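None of the figures in this text is laboratory data; all of them are computed from the coordinates on show. In this text, all values refer to a predicted model and were calculated from it rather than measured experimentally. Glycine gets a Cβ as well: all are built from the backbone with ideal geometry, and neighbour counts include every protein chain shown.
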Amino acid sequence: MARAVGVALARVVYLVHGKLRRVGMRNLEIAFPDMTEAERKTTLKRVFDGMGRQLAEFALFPRLNKNNVADIAVHDGLENFLSAQQRGKGVLLLTGHFGSWELGSFAHSIYGYPIKIVVRDLDNPLINNFVKRYRTMHGNSTFDNREFARGLISSMRAGDTVGILMDTNMTPPQGVFVDFFGHLAATASGMARVALKTDAAVVPAFTLWDEELGKYRIRFEPALELERTGDSEADAVENTARFTKALESCVRAYPDQWIWVHRRWKTRPVGGESMY
């Protein structure tokens, strides 16, 4: 029932929010030039359906516990996460706005694997406190993205796990330009720099809706190998590109589960033309 209500609300937003539709359709055109307009519309509608599902599930977080979490989300490739964790140098979960990213970290904590989440505090303190309380009900903790480098380094040295959404547009100097669907995209390089400094494991992790199961799969892929040439800046850019390719692979496999309504290619290289 809750999912149906969430999806219905999301479809209303799709109908009335022309700007989001236009951004989504433009992004799909950039990434999938061979996709027909009808296919793009169908894909975008499914993205909105997914956001509506996630909203409904977030509202139900207080009802989830060890006895019923498997009814809504199950692990897929947990051995990859555990192997990375056993290295003892910390784990960086490379993720993005796929499926139900909020549910993924929440359910993972219920299963007994609490993580730290890098967040940007919401402007409204009441809403921010509400969201934070839900996110941390089962042992998760958060730290502000303004403490990104220091927080990550200390977390990795303590052997913690930190989840990072690395699929949004950035601006210099935090962002470096790497390929994303054949176009340069300004991308956060902080994860790569911290991984190189601490030797933490970088594990791609995605929470994906499985229509056949009728629930989500919290999927962990094998840890990525880091490029190390001794040139710290070149290595940071190369590894950021590798991380971005891992995200792109998931988007290509599940195009209707990524949040296309964000202007991912907004920041352009000097002299570059606007993509929007």
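Give me the base-10 log of I(q)/I(0) for region 34-126 at each q in 0.19, 0.21, 0.25, 0.26 Å⁻¹, Debye formula, one uniform scatterer per Cα, rounded to two decimals.
Each listed q corresponds, in turn, to -1.07, -1.18, -1.37, -1.41.
Given R₀ = 25 Å, FRET efficiency for Ala59-Thr136 by Cβ-Cβ distance, to 0.05?
0.95
State the extension gain, in nm to one decimal, for the chain segment bounded by Lys19 and Lys41, taking 0.36 nm per residue of separation less the distance between their alpha-carbons.
6.5 nm
Obtain the radius of gyration and the Kirkwood radius of region 102-166 from its C-alpha atoms and give Rg over Rh.
0.96
What does the extension gain come out to for Glu79 and Arg157, with contour length at 0.36 nm per residue minus their alpha carbon separation?
Here the segment from Glu79 to Arg157 would lengthen by 25.9 nm.
Tell me, what is the Rg over Rh of region 2-257, with Rh the Kirkwood radius over Cα pairs?
When Rh is taken as the Kirkwood radius, the ratio is 0.95.
Kindly state, to the nearest 0.05, the FRET efficiency for Lys245 paired with Leu122, given R0 = 30 Å and r defined as their beta-carbon distance.
Once rounded, the FRET efficiency stands at 0.45.
Report, in listed order, any pair from Lys215/Lys266; Lys41/Lys266; Lys89/Lys266; Lys45/Lys215 with a Cα-Cα distance greater than 24 Å.
Lys215/Lys266; Lys89/Lys266
Kindly rank 95-104, 225-234 from highest to lowest mean number of other beta carbons found within 10 Å of each residue.
In descending order of packing, they fall as 95-104, 225-234.
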